[in-house]
1. Within region 203-221, is even one residue under 20 Å from the mean Cα position of the chain (by Cα), at pLDDT 95 or above and surrounded by fewer than 22 Cβ atoms within 10 Å (Cβ to Cβ)?
2. Take the conditions closer than 11 Å to residue 140 by Cβ and either within 16 Å of the chain's Cα centre (by Cα) or surrounded by fewer than 20 Cβ atoms within 10 Å (Cβ to Cβ) (or both) and apply them to residue 85. Does it pass?
3. When region 130-147 is examined, which residues are found to be closer than 25 Å to residue 52 by Cα and either surrounded by fewer than 17 Cβ atoms within 10 Å (Cβ to Cβ) or at pLDDT below 95 (or both)?
4. Which one is farthest from the ligand (Cβ to nearest atom) among residues in region 7-37 that are within 17 Å of the chain's Cα centre (by Cα) and over 24 Å from residue 156 (Cβ atoms)?
5. What number goes with the only condition from (1) free of Cβ contacts under 8 Å to residues at least 60 places away in the same chain; (2) surrounded by 13 or more Cβ atoms within 10 Å (Cβ to Cβ) that residue 185 does not pass?
6. What's the total number of residues in region 198-224 that are within 16 Å of the ligand (Cβ to nearest atom) and within 17 Å of residue 156 (Cβ to Cβ)?
7. Residue under question is residue 40, and the condition is that it be closer than 30 Å to residue 138 by Cα and within 16 Å of the ligand (Cβ to nearest atom); does it hold?
8. Residues in region 120-129: is at least one farther than 30 Å from residue 238 by Cβ and touching a helix residue (DSSP H, G or I) at 6+ places or on another chain (Cβ under 9 Å)?
Ligand code: UT7
């Protein structure tokens with residue numbers, strides 16, 4: 001039976017650093033409020049003048065991941081691109097990335113699962129690999145949030161949270177009886193909470209898709225019922241983690257690092273306590289990047305590998321929740337002889 005392993009990872013953050021203090025020039029907020037409520041100190045945004053899309057960030061992260069995997073773009077059987085902020089309404093950013101990688105006919109698939117996009121992407125890549133439909137999958141999570149945020153005080157609860165960025169992973173099928181690679185994936189969705197976190201427009205159910213009235217009401221900006229999402233996150237994250245551990249046949253004690261989605265430091269502190277895992281086994285980087293949605297997990301993974309917090313032989317639990325609502329967890333074990341930096 002084929003196992004899906006990570007051959008290389010990469011990340012890319014645009015160079016424009018935006019601190020909490022910087023945000024106070026546009027809206028009524030403070031460094032103290034943002035840091036206390038979310039743990040965020042800064043985030044990176046694409047240039048204010050525009051011209052940089054999600055696939056541009058993805059390209060940079062992908063080039064690094066490909067290089068570390070020892071692949072050329074031609075080695076890729078399938079591109080999976082997870083984003084809620086595609087460059088354009090359609091076609092998907094996967095197609096744009098494919099072209100930017102210099103490829104002619106390689107299939108490309110977009111996943112619109114927001115904060116769990118990378119989880120849905122890993123599960124999809126795993127299924128493609130196990131079924132024999134692909135053996136080398138480039139999976140990217142990338143977002144440009146900054147061009148879709150309400151910079152006025154009206155949008156401050158959402159705007160202060162989000163950052164731009166990209167992370168990529170090269171996933172490959174290997175024939176082995178060993179218990180390595182993606183050991184389990186648990187995916188969930190509850191569409192009844194769709195309005196708890198959404199960007200409504202442009203909307204095909206409205207004609208035209210973005211009216212002047214909608215624009216003036218700011219309905220093209222993300223809206224969130226933050227308290228409700230927070231409550232659901234602290235309940236669902238431990239639940240889905242146990243489900244993924246059980247499915248993988250791995251105990252919590254065997255987990256070397258938990259890489260949770262980075263939506264709010266307080267959510268992850270609750271999650272860590274409920275799960276009952278040591279503080280130092282919980283990875284946090286929200287301070288530096290904010291919430292980069294589908295890019296969060298691969299950015300954190302790449303960083304944890306670079307810092308050698310994890311490496312060959314490590315077992316990692318990934319867990320996340322976000323718009324949809326969707327929530328998910330994955331257990332992954334690195335082979336003993338791979339991914340050295
Ligand atoms: O990644 C997708 C999943 N998303 C999440 O998991 C996010 C989950 N939710 C959260 O992280 C939190 O709900 C937030 C950080 C978004 C908000 O924190 P909160 O503690 O739930 O604050 P709140 O929205 O209830 O607002 C409390 C107060 C309000 O003022 P009043 O009504 O008490 O006077 C807000 O107007 O804080 C005010 N406020 C702000 N003040 C300064 C809201 N945003 C800001 C801000 N700066 N940026």
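The values are calculated or read from the model by the stated rules, or taken from the named source; none is laboratory data. Computed from a predicted model, the values in this text were never measured in an experiment. Here the Cβ is made from the backbone with ideal geometry for all residues, glycine too, and neighbour counts use every protein chain on show.
1. yes
2. Judged against the criteria, residue 85 is not a match.
3. 147
4. That would be 8.
5. (1)
6. Total satisfying the criteria: 6.
7. Criteria met by residue 40.
8. Applying the first criterion (farther than 30 Å from residue 238 by Cβ) to region 120-129 yields none.
Scanning region 120-129 turns up no residue that is farther than 30 Å from residue 238 by Cβ and touching a helix residue (DSSP H, G or I) at 6+ places or on another chain (Cβ under 9 Å).
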